[in-house]
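Trainee: Let me give you the structure first, and then I'll get to my questions.
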Amino acid sequence: MSGAIGHQNASYRQGLVLGLTMAEIMLLLVFSLLIAVGVALATERVRREEMTQRLQNAEAVAAADGAVVDAIKRNPHLSEFLDRPAPASAQAVDEFWRTLVESDEIVDAMERHGVSRSVLRQGSEYVAKVLELRKQGIDPDKAARGAALASAIDDVLPDAAKRTPEQIAALIGRGIAVSDPHDEARAQDGHNWPPIINLSEADGYFFATRSAELRPGFESKLRTTVVDRLIDIAASFHVDVIEVIGHTDERPINGGLSNLDRELSLVMAGASGVGALQPADNAGLGLARALAVVRVLSADPRLRNFRILPLSGAQLIGTDGRLTRWEGQGDVPERRRIEIRMRKST
């Protein structure tokens with residue numbers, strides 16, 4: 001019986017390797033081969049993508065190099081420099097590169113002033129004419145202004161070409177004298193003063209309480225409407241001095257010592273703010289406030305040719321221009337004011 005069972009087991013184990021039949025082994029081998037082929041294909045695909053990317057990068061570099069070569073060919077000086085049979089010295093290369101950079105900076109500067117590269121390329125002869133004018137001592141700006149004036153004179157004076165410059169200047173002078181109403185007023189009463197600009201707290205021009213610091217609204221008006229009015233007055237009355245006078249009411253300032261002797265020059269020079277000023281009386285407060293206004297006006301480039309002076313009227317001068325009577329009127333916004341007067345320096 002046991003011999004029969006052993007024979008059957010031996011027959012069952014025939015055709016088995018590691019417990020697998022030949023068919024199962026073949027399937028396992030095929031599956032392994034498929035996995036190996038898949039890995040090989042994936043690796044090849046990655047390599048192919050890398051090579052494609054490298055090829056594209058190389059083409060981009062080649063295109064850029066081609067653009068540079070074309071630019072070099074279009075520049076005769078650079079092309080001649082590179083085509084020399086003997087190698088250029090390092091000094092020559094540096095000098096050429098420095099010239100190239102300077103030229104580009106010059107072109108950029110011209111473009112910032114509204115002259116495009118195409119205009120520079122086409123209008124080089126006009127630039128040469130301007131340089132020739134400068135060599136002859138002629139200012140192109142003055143020449144352009146002179147041409148505009150000549151054209152305007154030709155429009156109103158048909159026979160201007162027949163007159164000398166002296167005759168034309170005399171005609172213009174007589175015309176100005178006739179058309180200036182202020183000259184006529186001066187001829188009648190002997191003088192004609194420019195109007196006084198009055199900026200009082202009653203009209204909304206505020207400082208900080210007992211301080212020379214300008215309120216933002218006051219400072220904004222100084223930079224705009226007040227400066228515009230000063231320029232108009234100067235054009236009409238031919239004045240070049242601006243006097244800024246600080247006035248206060250009769251309320252006393254209590255306590256503290258004045259530091260104006262030490263700080264005024266620093267504030268005027270811009271080294272300190274007006275908030276650093278500590279007046280001990282109304283005369284000092286009026287001067288400090290006048291100085292605050294002077295600083296704002298002096299910062300405007302339109303007034304750079306004017307002499308701007310700070311002055312103090314303290315509580316001595318009323319709104320009618322007369323000396324006060326020291327009646328102790330107290331809080332009077334109309335008297336807390338800045339007056340701006342204009343006059344000639346001579």
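What follows is calculated from the coordinates using simple rules that are stated; it is not laboratory data. Computed from a predicted model, the values in this text were never measured in an experiment. When we count neighbours, we look across all protein chains shown, and the Cβ atoms used for this are built from the backbone with ideal geometry, even at glycine.
Trainee: With a point put 7 Å past each Cα toward its Cβ, work out how far S220 is from L257 in nm, to one decimal.
Mentor: 4.0 nm
Trainee: Also: Distance between Cα centroids, the stretch 19-35 to the stretch 261-294: provide it in whole Å.
Mentor: About 103 Å separates the Cα centre of the stretch 19-35 from the one of the stretch 261-294.
Trainee: Here is a further query. Using C-alpha positions alone, give me the convex hull volume of the stretch 187-346 per residue in cubic angstrom.
Mentor: 127 Å³
Trainee: Can you compute 3J(HN,Hα) from phi for each residue in the stretch 332-340, using the Karplus curve 6.51 cos²θ - 1.76 cosθ + 1.60 with θ = phi - 60°, rounded to whole Hz and x for Gly and Pro?
Mentor: Per-residue couplings from phi come out as 10, x, 5, 7, 7, 8, 10, 10, 10 Hz.
Trainee: Enumerate the amide H contacts of Y205 below 5 Å, restricted to partners 5 or more residues apart or on another chain; note that Pro and chain-start residues carry no placed amide H.
Mentor: For Y205, whose amide H was placed from the backbone, the distant partners under 5 Å are S200.
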